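Taking it in order: structure first as structure tokens, then the write-up.
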Amino acid sequence: MRTKSGFTLIELMVVLVIIAVVITLSVPGLLQVSYRNTLTRMTDNVRQATVKARDLAMKTRQAAVVEVRADSVWVNLLSRADCASDLAQRCVSSPDGEVSLVEGLAEEANIEMCGGKARILGSNGDCDASLLLPNSAFAICYSGRGELYLRPNADANMNCDQTVLTPAATGWQRACGGTAPDSNSLPDGSAYDLYDGAMIVLNRYASECSSPLPESVRRAVFLPSSGSPYAKVAP
């Protein structure tokens, strides 16, 4: 009569070693997927904030400002259709619901805003100049006609908890589009062919905007000079 027998200690140890090896090999891949998903989600939040700000400006005929810092994005409404008008309301609501605000890019999601660049009108009226957007703070403005303006700084008291409404900062420059690409490199050494408007670059790894690693994961939000923003993978 044949008797049944279980696993021996050696067989159990071999199985455990195999399981440990499989887990060790799979964890980095799972982390990369998680990193990319987080970056994609946060990038889309930034895109939605700019899309809703543009829609808000065009529906209300009042300029809307997207204040961008390394760890947050706020949307403010100005009093008139032009971007240089006074501030009317902070952290506004759009007609179809709350404007998407992004907080904790660095602290919670470990996402770094690497700044960006824009094509702007030169002194001669041609689209032959570029504006570098720093990763510390910059601002985007959509006029009441949906036109894109930018400046390489943000208001010092732009947060929602501020109650004093101050005049909008000056220095807005009109974004534009051209037939030949602008390929000036960003501070991280990467180069992008930008034909129209502006772009914002986000990096999944903190402190890599200036010197990214080969495995760095980046995405970009593109802001056409007179069209709806969109996002895609950055090279």
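The values are calculated or read from the model by the stated rules, or taken from the named source; none is laboratory data. All figures in this text were calculated on a predicted structure; none of them were measured in a lab. Methodologically, a virtual Cβ is constructed for each residue, glycine included, from the backbone with ideal geometry; neighbour enumeration extends over all protein chains shown.
Brief remarks on what is shown
- Check on residue 24, over 17 Å from residue 154 (Cα atoms), of a type in the set (Ser, Thr, Tyr) and at pLDDT below 90: yes
- Looking across segment 144-183, the residues that are surrounded by 12 or more Cβ atoms within 10 Å (Cβ to Cβ), at pLDDT below 85 and acidic (Asp, Glu) come down to 155, 182.
- Search result, residues across segment 46-65 that are within 18 Å of residue 137 (Cβ to Cβ) and at pLDDT below 90: 46, 49
- For residue 68, the criteria (1) in a strand (DSSP E or B); (2) surrounded by fewer than 16 Cβ atoms within 10 Å (Cβ to Cβ) hold in every case but one, which is (2).
- Single unsatisfied condition, residue 73 versus (1) part of a helix (DSSP H, G or I); (2) modelled with pLDDT under 85; (3) surrounded by 19 or more Cβ atoms within 10 Å (Cβ to Cβ): (1)
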